[in-house]
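Scroll down for the structure; my scribbles are underneath it.
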Amino acid sequence: MLRFSLGVTRMDRIRNEYIRGTAHVRCFGDKVREARLRWFGHVQRRDSEHIGRRMLRPRGRPKRRFMDVVKEDMKLVGVREEEAEDRVRWRQMIHCGDP
């Protein structure tokens, strides 16, 4: 998508890292992590009987649960679940997308 918007094709043989640096866009994985933590913080601030909160409790055992991934992301970013209560501070702490 970024290549298309910049008018660069694979035939130009330009690396993705260079294209992301030119457009000032961070790695896609960082943006996904930020969105996942932003959604988690939103759900965490709801009351405990809200449907989104109940979905965080696992039913069954899939290979990789959403909460397992969120806990790995929180450890990587360096935040705790309790810090999600303050929305403004939470957004500042998890921000790792575009500069």
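The values are calculated or read from the model by the stated rules, or taken from the named source; none is laboratory data. Given the structure is predicted, the values throughout are model-derived calculations rather than measurements. Neighbour counts are summed over all protein chains in view; Cβ atoms, including those assigned to glycine, are modelled from backbone coordinates with ideal geometry. These area figures cover heavy atoms from the full protein model, side chains too; ligands, DNA and RNA do not enter into them. Shrake-Rupley method; radii C 1.70, N 1.55, O 1.52, S 1.80 Å.
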Problem - For residue 86, distant residues with modelled amide H under 5 Å away - result: none
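How many percent of Cα pairs in the range 1-47 exceed 16 Å?
Numbers: 562 of 1081 pairs.
When all Cα pairs of the range 1-47 are counted, 52 percent exceed 16 Å.
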Exercise for the section: Could you state how much accessible area residue 68 has, in square angstrom rounded to the nearest 10, with a 1.4 Å probe and all protein chains kept in place? Expected result: 50
Completion exercise
The simple spin-label model distance between residue 13 and residue 76, using points 7 Å out along Cα→Cβ, in nm, is 3.3
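Which length gain, in nm to one decimal place, applies between residue 66 and residue 25 when the Cα-Cα distance is subtracted from 0.36 nm times their residue separation?
Working: separation 41, 0.36 × 41 = 14.76 nm, distance 2.57 nm.
Result for the pair: 12.2 nm of gain on full extension.
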Problem - Nearest-10 value in Å² for the accessible area of residue 2, using the 1.4 Å probe - result: 50
